[in-house]
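K.L.:
One structure follows; several queries about it will come next.
Each reported figure results from applying straightforward, stated rules to the coordinates on display, with no laboratory input. As the structure is a prediction and not an experimental result, all values here were calculated from the model. No Cβ is skipped: glycine too gets one built from the backbone with ideal geometry, and neighbour counts run over all protein chains shown.
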């Protein structure tokens with residue numbers, strides 16, 4: 001099963017980190033205002049996505065990124081176009 005970790009840039013210049021097994025549907029939900037945490041921060045822009053094969057693994061990555069709360073790390077991920085294996089250690 002294909003699963004994604006994704007990063008959105010919100011209208012207030014904040015980032016939103018999410019995970020899903022259906023990226024098109026999830027982005028559509030964000031754009032339509034169906035997601036409480038991004039509803040009032042539209043328009044949104046998908047700035048990063050990375051595909052994995054395991055949803056529980058993707059959820060652990062999402063949790064770790066949200067726990068870090070580091071704009072610097074998110075900027076590095078976006079500019080590299082991938083999540084560095086160093087960051088994934090212990091996930």
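K.L.:
Would segment 8-26 turn up any residue that is crowded, with 16+ Cβ neighbours inside 10 Å, assigned to a helix (DSSP H, G or I) and free of Cβ contacts under 8 Å to residues at least 40 places away in the same chain?
P.N.:
The answer is yes, given that some residue of segment 8-26 is crowded, with 16+ Cβ neighbours inside 10 Å, assigned to a helix (DSSP H, G or I) and free of Cβ contacts under 8 Å to residues at least 40 places away in the same chain.
K.L.:
Residues that are closer than 15 Å to residue 4 by Cα, in contact with a strand residue (DSSP E or B) (Cβ under 6 Å, 6 or more places away or on another chain) and exposed (fewer than 12 other Cβ atoms within 10 Å of the Cβ): does segment 32-51 have at least one?
P.N.:
Checked against the condition, which is being closer than 15 Å to residue 4 by Cα, in contact with a strand residue (DSSP E or B) (Cβ under 6 Å, 6 or more places away or on another chain) and exposed (fewer than 12 other Cβ atoms within 10 Å of the Cβ), segment 32-51 yields at least one hit.
K.L.:
If I go through segment 36-45 residue by residue, how many of them are under 19 Å from residue 59 (Cβ atoms) and under 14 Å from the mean Cα position of the chain (by Cα)?
P.N.:
Qualifying residue count for the region: 2.
K.L.:
Counting just the residues of segment 58-71 that are outside any loop (DSSP other than H, G, I, E, B) and either touching a residue at least 40 places away in the same chain (Cβ under 8 Å) or surrounded by fewer than 13 Cβ atoms within 10 Å (Cβ to Cβ) (or both), which one comes out nearest to the chain's Cα centre (by Cα)?
P.N.:
62
K.L.:
Same structure again: Given the conditions (1) over 22 Å from residue 73 (Cβ atoms); (2) in contact (Cβ under 8 Å) with a residue 40 or more places away in the chain, and given that residue 31 satisfies all but one, which numbered condition is not satisfied?
P.N.:
(2)
K.L.:
One residue is enough: does segment 42-55 have a residue meeting the conditions without any contact (Cβ under 8 Å) to a residue 12 or more places away in the chain and either closer than 20 Å to residue 71 by Cα or assigned to a helix (DSSP H, G or I) (or both)?
P.N.:
The answer is no, given that none of the residues of segment 42-55 is without any contact (Cβ under 8 Å) to a residue 12 or more places away in the chain and either closer than 20 Å to residue 71 by Cα or assigned to a helix (DSSP H, G or I) (or both).
K.L.:
Only residues that are in a helix (DSSP H, G or I) and either surrounded by fewer than 13 Cβ atoms within 10 Å (Cβ to Cβ) or under 12 Å from the mean Cα position of the chain (by Cα) (or both): list them for segment 76-87, please.
P.N.:
Result: 77, 78, 79, 80, 85, 86.
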